[in-house]
1. Label Ser79 and Gln47 with points 7 Å out from Cα along Cα→Cβ: what is the distance between them in nm?
2. If you add up the charges near Asp68, with Lys and Arg at +1 and Asp and Glu at -1, over every other residue whose beta carbon is less than 13 angstrom from its beta carbon, what do you get?
3. Solvent-accessible area of Phe71, probe 1.4 Å, all protein chains present, reported in Å² to the nearest ten, please.
4. Just to confirm, what accessible area per residue do you get for the stretch 34-100 at 1.4 Å probe, in whole Å²?
5. Figure the gain on full extension for Phe38 and Leu25 (residue separation times 0.36 nm, minus the Cα-Cα span) and round it to one decimal in nm.
6. Roughly speaking, what is the centre-to-centre gap between the stretch 31-69 and the stretch 85-107 when only Cα atoms are used, to the nearest Å?
7. Just the Kirkwood number for the stretch 30-107, please: inverse of mean 1/r across all distinct Cα pairs, in Å, one decimal.
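The values are calculated or read from the model by the stated rules, or taken from the named source; none is laboratory data. The structure displayed is predicted, hence computed values, not measured ones. Here the Cβ is made from the backbone with ideal geometry for all residues, glycine too, and neighbour counts use every protein chain on show. SASA here: full protein model, heavy atoms, side chains in, ligands and nucleic acids out. Shrake-Rupley method; radii C 1.70, N 1.55, O 1.52, S 1.80 Å.
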Amino acid sequence: VLEIPAPAASRSDCHAWGSHPLWHLHAGVAGVRPDAPFYVRALVDPQPGPLRFIRSVTPTPRGPVALDLRFDGPRVGGSVELPPGLPGTFRWAGRDRPLAPGRNEIG
């Protein structure tokens, strides 16, 4: 979308709300969200629906959270990598598993 000067009554579609689909992919589908104020802990709670895999890198104030996950019915495998100093939790099928900073193997 290209912004073109227009009368004051018009609005622009080139603003941050246009990035909502990207936020939803990271926070909703990949499930990467803060688990404590100021992002001192991360929660990874993927909701893949019919997807067979999720590969994502989610920016956070503490550094990127990288997922490489594969789904086969009720099973999940792959890895979650957290930046230095950011612990977290991986939630799948109603169970929580602690994540340490660095690479964590899942499955």
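1. Label at Ser79, label at Gln47, 2.8 nm between them.
2. Numbers: positive: Arg52, Arg55, Arg70, Arg103; negative: Glu81, Glu105.
Here the charged neighbours net out to +2.
3. The accessible area of Phe71 comes to roughly 10 Å².
4. Numbers: 3920 Å² over 67 residues.
Roughly 59 Å² per residue, with all protein chains present.
5. Details: separation 13, 0.36 × 13 = 4.68 nm, distance 2.09 nm.
2.6 nm is the gain from fully extending Phe38 to Leu25.
6. If we compute the Cα centre of each part, the gap is 10 Å.
7. Working: mean 1/r = 0.0813 Å⁻¹.
Result for the stretch 30-107 stands at 12.3 Å.
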